[in-house]
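First up is the structure itself, then whatever we jot down about it.
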Amino acid sequence: MRNPRCSSCERAKYAKNVCVYGNTILSSTKEIMVVIDTTTSNANETGVVTSGQGGNILIKLFSKLGIMDKVYFTPAVKCYAAYNPKIKEVRACQQYIKQEVEEIKPKLIITLGVTAAKAVFGKATSIKALRQRIFGNGSIKIGCTYSHNTLYTDPNTYAQIESDIRWILSNYRQQTSESIDIRLNEYVPYSNSYGFDIETTGLNPFTSDIIMWSFSPAGTNTAYVHNLSHPSFEVFNKDCFGSVLSILDNPDVTLFGHSIKFDIKHVVNLIRKSIPNYIIKCKLHDVAITHALINENSNDNSLKGLSATYTPFGHYEDDLNRNDLINEPFDKVAKYNGLDSIVPHHLAKIFWPKVVAQGSEKIATFLMEMLPIFVEMELTGVYVNINKLKVLYDKARKQLDELKVKHPQYDFNKTEHVSKLLFDVAKIPKVKLTKTGKASTDKDTLNTIKFLDLTPYQKTILDDVILHRDTISDIKRISGGKSGKQGLVPNIINNRLHTTYNLARSIDDSEENKGTVTGRLSSSNPPLQNIPTDSEMRNVFECTPDWKHLISPDYSQIELRVAAYLSREPVFLKAFNEGYDLHTAVMCDLLQEDYNDINPILRDKYPKDKYQTYHDYRLVIKRVNFGILYGIWIEKLIKVAKQMNLNLTE
């Protein structure tokens, strides 16, 4: 198996011992396979992976853990060279790692370092995202920690690596004894609570089908999987839907899920094809929301990440193509779906006491009660005037054509052209440089330039550049760009726009988890909160023709009023007590202007030049006010302050 004549990459040219393998006879099996980043200089001389200082550290560590006799050490990159491995070199050695796994037959693989993780997972991933998690739901489990090479530069890492490996060993052994029971197309027994999940052919309930769903009675490791459309297995008997409806119609039953609004939205839409205006009556409980409440700064709020951190089922991501489950092997999809319903009720048992302990029970309960309402809002959609939308789109295309005629030699889609026009032709001062030393043309920089003392010609050029970017944004907002998902038009069905409202943040790719870390409601597909308040595009949203008024109620600056009450900040208190606009009042205080002189300018939008200046200032102050409340980073605060030439102390 070892290939001393390997020439799959350039490293073989520099290695004395080409293709260094592990530390045992390959015909013997080991319970644990430890993959280190790469062959060391000592191993290059001796051909033994555990030779030298690094090898001694490994032997000392695993001997201390009492598992040295169970471990097989091997490098991810088999040849030594005096530079960090390239990704193509890591991939070249993957064939040998695979062969070693087949020969050694480990039950657990521990990777030490980023390169080792790349070799095992096949893609680049940060160690921070992998630590203290168990991956794999088959016969082999995987755990990850830092490279032992860091011990040379940071001795404190030893304790961290040892702690990680102890955690991996403990949780791996718990998981190997955990089993699940998948029941196919059977009646679901009664319980007062279930884990619930569905698999679909797509994200849009109006254009995709449910492949299967599963119910897992709380407190069990059993999932009842019903096949609705997978071609490789018998379809669930629709006469049995009564047992499912008896669950959904029971107000005493709770369904636990992760991003469960997505699942319920698809189910309700399916049932309404047979039962118009159907509404579920059972309670909903979303573990993504409860976890966001107890750990809003979590690096991973995905179901697989939470399972790896909190449950014995680990990170059970399989080699399934999530975008084409209908063509994946049925048994693998069924097991995956079953775990997706089993894990949530296990997580709920862990998370809910933490929610109660920190006093967030009322908030969590309120959010759960809102879930069915959001389901109805998303399925109903909001009426859009298609004719107005078309007018806006045509206007935007015309503006782009006019800019092309006005600046025929410049392509505004190319940064170098924009930079040349702004800084070489118009001679506008450069206010910020990129890492490569070129003048920046990003949005924040252009907003800062607006506040400079520009000549009429310079202002015209800057306005044209900003107009082009705003127009491109409008077109993408309407059409959705290349993907289409985030545009208005692709999400309009029968003149109604169907967006997704998000309550909890996640780092996975789920469209249901693009929430905010602060808990503020957001939306995606399309992101309606990104439409500017003074944009013409807001006028395309109307009440249906048989109604007269579309009402948009809102608390007046409620967060800032709470902040004023709690902080007793004098400018805030005076603004609210006097009935002033808060952002204008703060702006006037910082600029040392009289509120009664500035407010009429903003109200009457006259004179136009002063109005635009103060209007832009007020927008900056608004970002600062809300940014401080919601934890704006100091670097971002400095950028915002610079747009008004403010010192950070001010």
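The values are calculated or read from the model by the stated rules, or taken from the named source; none is laboratory data. This one's a predicted model, so the numbers in the text were calculated from it and none came from an experiment. FYI the Cβ positions are ideal-geometry reconstructions off the backbone, even for glycines, and counts take in every protein chain you see. Side chains are part of the model used for accessible areas, which takes the heavy atoms of the whole protein and leaves out ligands, DNA and RNA. Shrake-Rupley method; radii C 1.70, N 1.55, O 1.52, S 1.80 Å.
Structure values in brief
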read-out	value
Candidates Lys13, Lys60 - the one that is of a type in the set (Lys, Arg) and over 22 Å from Lys118 (Cβ atoms)	Lys60
Qualifying residue in region 582-592 (condition: out of contact with any Leu (no Cβ under 9 Å at 6 or more places or on another chain), at pLDDT 85 or above and part of a loop (DSSP other than H, G, I, E, B))	yes
Within region 593-635, tally of residues that are under 20 Å from Lys450 (Cα atoms) and either part of a helix (DSSP H, G or I) or small (Gly, Ala, Ser) (or both)	20
Of residues in region 528-542 being assigned to a loop (DSSP other than H, G, I, E, B) and either open to solvent by 30 Å² or more (accessible area, probe 1.4 Å) or charged (D, E, K, R) (or both), the one modelled with the lowest pLDDT	Asp534
Single residue of region 396-422 satisfying the filter (in contact with a Ser or Thr (Cβ under 8 Å, 6 or more places away or on another chain) and open to solvent by 20 Å² or more (accessible area, probe 1.4 Å)) that is nearest to Met537 (Cα to Cα)	Gln399
Check on Asn171, modelled with pLDDT under 80 and closer than 22 Å to Ile342 by Cα	yes
In region 423-445, the residues that are open to solvent by 100 Å² or more (accessible area, probe 1.4 Å) and out of contact with any helix residue (DSSP H, G or I) (no Cβ under 9 Å at 6 or more places or on another chain)	Leu433, Lys435, Thr436
Per-region count, region 400-436, residues acidic (Asp, Glu) and on the phi > 0 side of the Ramachandran plot	0
Residues of region 347-396 satisfying the condition of being of a type in the set (Ser, Thr, Tyr), in contact with a helix residue (DSSP H, G or I) (Cβ under 8 Å, 6 or more places away or on another chain) and part of a helix (DSSP H, G or I)	Tyr393
Subset tally (residues that are over 30 Å from Val384 (Cβ atoms) and either of a type in the set (Asp, Glu) or in contact (Cβ under 8 Å) with a residue 12 or more places away in the chain (or both)) for region 545-566	4
Residue satisfying condition, being within 30 Å of the chain's Cα centre (by Cα) and under 21 Å from Trp352 (Cβ atoms), within set Ile247, Ile198, Ile210, Ile264	Ile264
Any chance Val20 is of a type in the set (A, V, I, L, M) and modelled with pLDDT of 80 or more	no
Condition check for Leu339: touching a residue at least 40 places away in the same chain (Cβ under 8 Å), open to solvent by less than 10 Å² (accessible area, probe 1.4 Å), part of a helix (DSSP H, G or I) and farther than 30 Å from Pro490 by Cα	yes
